[in-house]
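Shown next, in structure tokens, is the structure this report addresses.
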Amino acid sequence: MLIFWSGTSFEKNGFLEDDNGKFLPRNAILEALESAALFYYIKKDKEIENLVKKYLTDKPKIKEISKEIKKIVFKKYPVLEGIEIPEKIYLPKENISKELVKVFDLEKKEFTESFKMEIFKGVLEDVHLKSENIEKIKTACKSYARALAEYEHKELKGSEFEDLIVEIQNSIANEWEIPIRVGHWTNTPYKGDLLFFWRIKEVREYLIKELDIDIRPKDVLYLPRTNEFLGWGEIKD
């Protein structure tokens with residue numbers, strides 16, 4: 001099953017919809033799993049880290065970065081190959097609402113804009129995800145979720161939201177089976193796909209200076225009505 005513990009969106013324009021109702025497409029879940037696998041295997045494998053580092057500092061085209069890094073990692077670690085995810089994950093309409101969402105800038109430590117967006121929160125019991133690599137996927141997702149929450153904790157330390165991110169960290173460590181971050185939870189183009197490289201000064205400085213890219217999530221989306229950051233969920237047997 002899929003459990004969305006905090007409000008989850010798809011994109012600013014809302015969820016996709018057909019004659020059967022509103023839904024999350026397969027890619028929304030697959031992208032969350034890909035982000036986790038990218039982080040984990042770049043961190044785990046020095047050879048992969050060096051290949052990606054070389055690529056990132058070799059004047060890549062901005063639009064090709066995500067695709068090329070996926071190609072490098074998944075060629076050696078095809079952990080998501082053959083994974084079964086429904087093409088459309090339908091959402092009960094009673095769990096969808098139009099909510100005010102605020103953008104919290106992690107550098108400025110303040111809200112910078114707000115807008116209304118469709119949000120889903122709840123449990124989807126009939127969603128079956130199958131993979132022969134489920135244990136590897138679980139390990140990658142836990143590693144990535146811990147790193148992402150740790151990064152946000154560092155940026156939120158001393159703010160009114162510190163307790164909120166600590167609660168998420170505790171859930172990742174002790175409760176959630178396969179933690180995932182789904183949908184539109186930040187305005188940063190790469191979300192957390194390149195999170196590992198914010199630790200490596202030469203890569204970070206090169207991308208900022210040469211390509212004007214900050215590879216870290218620069219903001220998080222916040223739901224004031226329920227006091228939560230968007231996108232945190234769990235895959236559970």
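The values are calculated or read from the model by the stated rules, or taken from the named source; none is laboratory data. The structure displayed is predicted, hence computed values, not measured ones. Every residue, glycine as well, gets a Cβ built from its backbone with ideal geometry; the counts of neighbours run over all protein chains shown. SASA here: full protein model, heavy atoms, side chains in, ligands and nucleic acids out. Shrake-Rupley method; radii C 1.70, N 1.55, O 1.52, S 1.80 Å.
The distance between label points at Val166 and Glu110 comes to 2.6 nm (points 7 Å beyond Cα on the Cα→Cβ vector). The listed peptides 52-61, 211-220, ordered by packing as a protection proxy, come out as 211-220, 52-61 (highest mean of other Cβ atoms within 10 Å first).
If I take every Cα pair under 8 Å that is 6 or more residues apart in the chain, average their sequence separation and divide by the length, what percent do I get for the relative contact order? All intermediate terms of the calculation are to be shown ahead of the outcome.
Numbers: 408 pairs, mean separation 80.7, N = 237.
Relative CO of the chain lands at 34 percent.
Calculated accessible area for the chain comes out at 51 Å² per residue, all protein chains present (probe 1.4 Å; ligands, DNA, RNA ignored). When the Cα atoms of region 1-146 are aligned to their principal axes, the ranges along those axes come out at 48, 42, 27 Å in descending order. Taken over the Cα atoms of region 139-205, the convex hull encloses 107 Å³ per residue. Highest GNM mean-square fluctuation among Lys43, Lys22, Lys75, for the chain modelled with Cα contacts below 10 Å: Lys75. Of the DSSP H helices in the chain, those with a Cα length along their own long axis of 20 Å or more and a mean Kyte-Doolittle hydropathy reaching 0.0 comprise 26-44.
Accessible surface of the chain, 1.4 Å probe: 46 percent of it comes from carbon and sulfur atoms. In summary, the convex hull built on the alpha carbon positions of region 48-117 has an orientation-averaged projected area of 8.7 nm². The local environment of Leu100, defined by Cβ-Cβ distances under 10 Å, has a net charge of +3 under the rule Lys, Arg +1 and Asp, Glu -1.
If you scale each eigenvalue of the Cα gyration tensor by 5 and take the root, what three semi-axes come out for region 92-237, rounded to whole angstrom and sorted largest first?
On the way: eigenvalues 127, 92, 44 Å².
Each semi-axis is √(5λ); the values are 25, 21, 15 Å.
Between amide H atoms placed 1.01 Å from N, distances below 5 Å from Val101 occur with Phe115, Lys116, Met117, all of them 5 or more places distant or on a separate chain.
Selection among Gly192, Phe74, Leu33 by position relative to the dipole of the chain gives Phe74 as farthest towards the positive end (Cβ unit charges, Cα centre).
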